[in-house]
Amino acid sequence: MQETIQNDDWTIEINPKSKLLDLNLKEVWRYRDLLMLFVRRDFVAVYKQTIFGPLWFFIQPILTTIMFMVVFGGIAKMSTEGMPPAVFYLSGIVLWNYFATAFSLVSNTFVANKAVFGKVYFPRIVTPLSLIVSKLLTFGVQFVLFLVIYLYYLVFTEAPLRPNVMILLLPVLIVMTAGLSLGLGLVITSLTTKYRDFTFLLGFAIQLGMYATPIIYPASSVHGKMRMAIMANPMSAVIETFRYAFLGVGHFSWLALGYSLVVMLVLLVIGVVTFNRVEKSFMDTV
Amino acid sequence: MKPAIKIKNLSKQYRLGTVGTGSFAHDMNRWWHTLRGKEDPYLKIGETNDRTSKGNSDYVWALRDINFEVHQGEVLGIIGKNGAGKSTLLKLLSRVTSPTTGSIKARGRIASLLEVGTGFHPELTGRENVFLNGAIMGMTKQEISSKFDEIVDFAGCERYIDTPVKRYSSGMYVRLAFAVAAHLEPEILIVDEVLAVGDAEFQKKAIGKMKEVSRGGERTVLFVSHNMASIQNLCSKVLVMQNGTFAYMGDTEDGVNFYLKQSREQISLKLNERMDRTNGKNLRFTDIKLLNFKGEVVEQAMSGMEVKFEISYSLKISLKNVAFRLVISNIDGQDLFLCNNAFSDKRIDINSEGKFVFRIPKFPLPEGEYFIQLSAYSDKGIEDDIESVLKLDVEKGDFFLTGNVPVKKDGIFVEHYFEH
């Protein structure tokens, strides 16, 4: 009798397989301090021992914007739909940067952390989650930069910026970007533990992804089959909506945004399932 | 007493060789079997983890059907030869990887004392790293805060606590890392002496901490070691592992004897026929003889007399930079001294089978039973390695040539002079 009572209060159970969609949120919650410390580490450690320090958060997008203005605006003379190029490019870059950096870091979770993962147990999902949060902070900083430049053009120039009510969708857009980068990143990192081929593809894919997203050009300048291809990219609707909300140009459609949302949910489910499967035994293959 | 850990039918299978295209094909096959509701085809095959013989399968069981319980407050020693599955067992317990079959149930937090400094970030300050490292090991921020002063005090680096740890001396780094681990206070503590890093002082500290923890009687400790003396000193129970299964579990005294006997049972076999060796493909020890100062084969050595070990080997290919190593250990498995031509002479190149001799002019061991381990290394790595090649009986002898022989039968004789 006593035996049966005793045997029920195990705090740790280790079994070969986990449930398919086991997020184990309770455990993640228990490790929330670790998550915040990881965020802090990622955010603080990056710019230690640099002269400009946190200024790099601004320098990166500013340099990218200037480069785009020169190459795509100045040399290639691509349309910005009558918008000031700085605002036009920056409106695409800030969200895309969030997606691209978060995605590439999450994709590298297992390989980059194998030393720690090989020694201590903690819910592995904490690591990618912390990356998503720390890059969200970076996004926040860069978004402020966008706002400053945006407000300058809005208040001090005649630029035809038309902010509208869709700005209220901003939190949704951020969550979708986070979800897409997390979902896709989890799938890729699970695959890379066994097949390193994906690491080689990754940098290339992100670069390609940027051109397949309406960042340096407005979606309206693409027609026919190409447009279909561009809009099949779930980040396209997110960027277009962001731009539409602040600048008033481009195309907004609930359908396109809904499509991105569905893709995000599907990717998240697949990502979590594969991640859960892989985290249990990746030390044997990584 | 409640069981703190309960292990049931625990097995772990590894795939040998490289993970690559072959594994992709197997993955597909596996997937195809599961899709049709059939059993995984690769779980049926596989062999016990006997490294000494070459198997036919690509799959190997590092652990197979382990069942045991550890009660709360017990200090369980885990012993076994290299490759017996000790580390795999610990890996499963610390949840670094998961078992192929079976389950582990445990009460309370499991922590490994020697995984110190995990997740230390060089750019962060000592303070930041204490929090980060503590959190990785499962402490909450509040817990760490409440122990922070104690941790810094224990590490003795208060002055540097706001300096990035990359500026720390290696000793300071380890002390700080260890201080965090020592204040973790897990219910189940894992100490792997085999993997222990750090200097002797640090290892002593780790063992000291372990003693302190186990004395309370509430914490459970799993202790892996090759040192039979510390096993006997610390453990209340012993688990002997062999080829991925366990060979013995129970009383410490019996367990240690069982372990030592395990490899010594093989002594009666001829050296050439021994299977419990590492490698042995190119170079193979075939015979060992004990000679006295006249060059006659003898059964026993004597303290203070000249002793020669004549060892023969066979050779398949020429080897460069070969070092031969002969280690003498006592009955508890503790190494006493070694002969190695890499130190006493130089490494040699060999082209054919042959013999070599280690000559010890004044044999320094007091009377008793000793065991000899033989190994050979070339520039390609380990060539042959056999434990307990010979049981060596040493007779009482007059080492100091004074007619007085010490009564104590421990340690080593050292020639010395008394000046007054």
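The values are calculated or read from the model by the stated rules, or taken from the named source; none is laboratory data. If you're wondering where the values come from, they're calculated on a predicted model, not measured in any experiment. Cβ placement follows ideal geometry from the backbone for every residue including glycine, while neighbour counts extend to all protein chains displayed. Surface accessibility is based on the protein's heavy atoms, side chains included, excluding ligands, DNA and RNA. Shrake-Rupley method; radii C 1.70, N 1.55, O 1.52, S 1.80 Å.
See the values below:
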{"quantity": "Whole-number accessible area per residue in Å² for chain B, which is evaluated in the context of all protein chains at 1.4 Å", "calculated": "49"}
{"quantity": "Rg over Rh [alpha-carbon atoms, Kirkwood Rh] for segment A:93-249", "calculated": "1.04"}
{"quantity": "Residue mean of other protein chain beta carbons inside 10 Å, B:96-107", "calculated": "6"}
{"quantity": "Cα-based convex hull volume of segment B:238-338 per residue, rounded to whole Å³", "calculated": "151"}
{"quantity": "For B:Gly108, residues with placed amide H under 5 Å, excluding near neighbours", "calculated": "A:Thr11, A:Ile12"}
{"quantity": "Radius of gyration, Dmax [the protein assembly as shown; alpha carbons; angstrom]", "calculated": "32.6, 112"}
{"quantity": "P(r) tail fraction, segment A:196-286 - alpha-carbon pairs more than 24 Å apart, %", "calculated": "35"}
{"quantity": "Peptide-level mean, for B:2-15, of C-beta atoms on other protein chains within 10 Å", "calculated": "2"}
{"quantity": "Fraction of alpha-carbon pairs over 20 Å apart in segment B:270-395 - percent", "calculated": "41"}
{"quantity": "Long pairs among B:Lys12/B:Lys281; A:Lys114/B:Lys81; B:Lys308/B:Lys362; B:Lys294/B:Lys409, criterion Cα-Cα beyond 20 Å", "calculated": "B:Lys12/B:Lys281; A:Lys114/B:Lys81; B:Lys294/B:Lys409"}
{"quantity": "Computed over chain A: relative contact order in percent, which uses C-alpha pairs under 8 Å that are six or more apart", "calculated": "28"}
{"quantity": "Segment A:260-272 - phi-based ³J(HN,Hα) in whole Hz, Karplus 6.51/-1.76/1.60, Gly and Pro as x", "calculated": "4, 5, 5, 4, 4, 4, 4, 4, 4, 4, 4, x, 5"}
{"quantity": "Diffusion constant of chain B at 10 °C, which comes from Stokes-Einstein with the Kirkwood Cα-pair radius and 1.306 mPa s, µm²/s", "calculated": "64"}
{"quantity": "29 Å Cα-Cα threshold exceeded, pairs from B:Lys105/B:Lys209; B:Lys209/B:Lys396; B:Lys211/B:Lys396", "calculated": "B:Lys209/B:Lys396; B:Lys211/B:Lys396"}
{"quantity": "Ordering of B:95-101, A:237-243, A:225-231 by burial proxy (mean other Cβ atoms within 10 Å per residue, highest first)", "calculated": "A:237-243, B:95-101, A:225-231"}
{"quantity": "For segment A:6-130, diffusion coefficient by Stokes-Einstein and Kirkwood Rh (Cα), 10 °C, 1.306 mPa s, µm²/s", "calculated": "86"}
{"quantity": "Relative counts (whole %) of C-alpha pair distances in chain A, using bins that are 5 Å wide", "calculated": "1, 5, 11, 15, 17, 15, 12, 9, 6, 4, 2, 1, 1, 1, 0, 0, 0"}
{"quantity": "Within 10 Å of each Cβ in A:278-284, the average number of Cβ atoms from other chains", "calculated": "4"}
{"quantity": "The protein assembly as shown - percent of accessible surface contributed by carbon and sulfur, probe 1.4 Å", "calculated": "58"}
{"quantity": "Given B:Lys289/B:Lys391; A:Lys119/B:Lys8; B:Lys91/B:Lys380, the pairs whose alpha carbons are separated by over 20 Å", "calculated": "A:Lys119/B:Lys8; B:Lys91/B:Lys380"}
{"quantity": "Solvent-accessible surface (1.4 angstrom probe) belonging to B:His33, in square angstrom, nearest 10", "calculated": "40"}
